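Data first, discussion second: the structure below is written as structure tokens.
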Amino acid sequence: MQKKSYKQIHKNILTWYSQYGRVTLPWRNTQSAYEIYLSEIMLQQTQVKTVLERFYFQFLEKFPTLKEVANASVDDVLKAWEGLGYYTRARNLHKTAQDTQGILPNNAQALEQLSGIGKSTAHAVACFVFNEPLPILDANVKRILYRFFAVKEANDKKLWEMAYALYDIKNTYIYNQAMMDIGSLICTHKNPLCEQCPFFSLCQGKDEPLLYPTKKKKAKKPIRKRTLVIYHQNNQYALNKNDERLLSGLWGFKQEEAFNITKNMTELGDFKQHYTHFTLEAKVVLVKNKEQKKYFTIDEIHDLALSGADRKALGLLEAHLI
Ligand code: SF4
């Protein structure tokens with residue numbers, strides 16, 4: 001891609017950021033590689049508000065340094081991640097903490113070799129902590145690039161070319177932070193505020209921004225019907241460690257695809273749980289049984305890392321026990 005001069009745009013971005021940038025975000029007020037890396041991982045699939053209000057500080061209170069993550073069990077890390085979803089992130093964080101012995105490398109190339117750190121996250125950490133002048137490419141940045149260059153479809157190679165063509169190599173820290181803010185505050189999915197945008201003068205997509213990128217038709221999510229069976233004996237309840245990729249490492253009640261509910265079982269209720277690729281519709285039943293491997297008291301279950309679905313099943317069980 002031909003490198004044009006975007007001097008004026010870069011100047012506009014600096015001015016815009018000094019007025020509207022979210023400069024008070026805690027990960028913009030630290031030089032700790034771990035704290036910045038943690039924020040990048042949490043923000044990969046979760047909104048700023050949720051991360052700020054419910055997870056970031058709580059996680060740091062439990063694990064103030066990456067060394068403490070390395071020294072913890074993966075179960076403890078998953079427990080601190082509970083509710084944030086996409087648990088692969090937590091398992092990779094733990095692996096990276098152990099692989100680096102709690103000290104992250106100081107450049108993007110080495111960061112990118114670590115578990116769960118893709119090119120954009122590596123660039124973000126390298127830029128925000130070590131001042132490496134590299135562009136980032138998260139979902140917000142991609143949307144701006146599609147619109148700015150009026151491109152309807154692009155693969156990652158092309159998107160990186162656009163990112164490199166547009167970024168401000170002299171003020172990369174502010175440019176990257178501003179791109180994230182402009183993407184979430186100005187160049188939004190449904191209602192871009194072009195007249196307030198620092199890219200406005202040269203943006204090629206500003207007349208019809210919603211044309212870029214081409215919207216993919218969302219496939220309807222399949223529904224998985226399951227029975228969550230809570231086996232119990234002597235006020236203890238059976239849980240197993242999940243080995244399904246999505247929830248690997250979390251504890252859960254037994255899930256059955258075809259399960260015959262008989263008279264001597266107690267039906268506790270139903271719930272739905274939405275995942276990225278499917279919706280779980282579950283019935284929960286309580287069954288007396290001694291054959292399962294591990295049984296826990298209710299208090300012990302509260303100390304385990306559970307998926308959202310199992311937490312809902314636990315809620316139904318507790319309501320039944322009142
Ligand atoms: S001018 Fe409009 S379409 Fe272009 S980057 Fe800004 S908000 Fe997005």
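Key figures for this structure:
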| read-out | value |
| --- | --- |
| For the stretch 172-322, the spread of Cα positions along each principal axis, largest first, Å | 71, 33, 30 |
| Entries in Lys190/Lys218; Lys263/Lys283; Lys215/Lys241; Lys220/Lys241; Lys79/Lys217 that, when Cα-Cα distance is taken, lie over 27 Å | Lys215/Lys241; Lys220/Lys241; Lys79/Lys217 |
| Size of charge dipole - the stretch 244-322 - debye, nearest 20, with Cβ of Lys, Arg +1 and Asp, Glu -1, no other charges | 160 debye |
| Inter-site label distance for Glu256 and Ala165 at 7 Å from Cα along Cβ, in nm | 5.9 nm |
| The chain: equivalent-ellipsoid semi-axes (sqrt of 5 x gyration tensor eigenvalues, Cα, Å) | 44, 24, 16 |
| Candidate aspartates and glutamates - alpha carbon under 13 Å from Lys288, same-chain residues fewer than 8 apart omitted | Glu267 |
| Dipole magnitude (debye, nearest 20) for the stretch 72-133, charges at Cβ of Lys, Arg, Asp, Glu | 100 debye |
| Ellipsoid equivalent to the stretch 1-148 - semi-axes via the Cα gyration tensor, in Å | 29, 17, 14 |
| On Cα atoms only, tilt of 156-166 relative to the major axis of the chain in degrees | 40 degrees |
| Helical contribution to [θ] at 222 nm, DSSP H n ≥ 4, -39,500 (n - 2.57), averaged over the chain, rounded to 500 | -11500 deg cm²/dmol |
| Of all DSSP beta bridges in the chain, antiparallel share, percent nearest 5 | 60 percent |
| Cβ-placed point charges (K, R +1; D, E -1), dipole of the stretch 7-211 about Cα centre in debye, nearest 20 | 340 debye |
| Dipole of the stretch 1-153, positive end: most advanced residue of Pro133, Ser73, Leu111 [Cβ charges, Cα centre] | Pro133 |
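Every number here is computed from the coordinates shown, using simple stated rules; none is lab data. Note that the coordinates shown come from a computational prediction; the quantities given were computed from them, not determined experimentally. We place every Cβ from the backbone using ideal geometry, glycine too, and count neighbours over all the protein chains shown.
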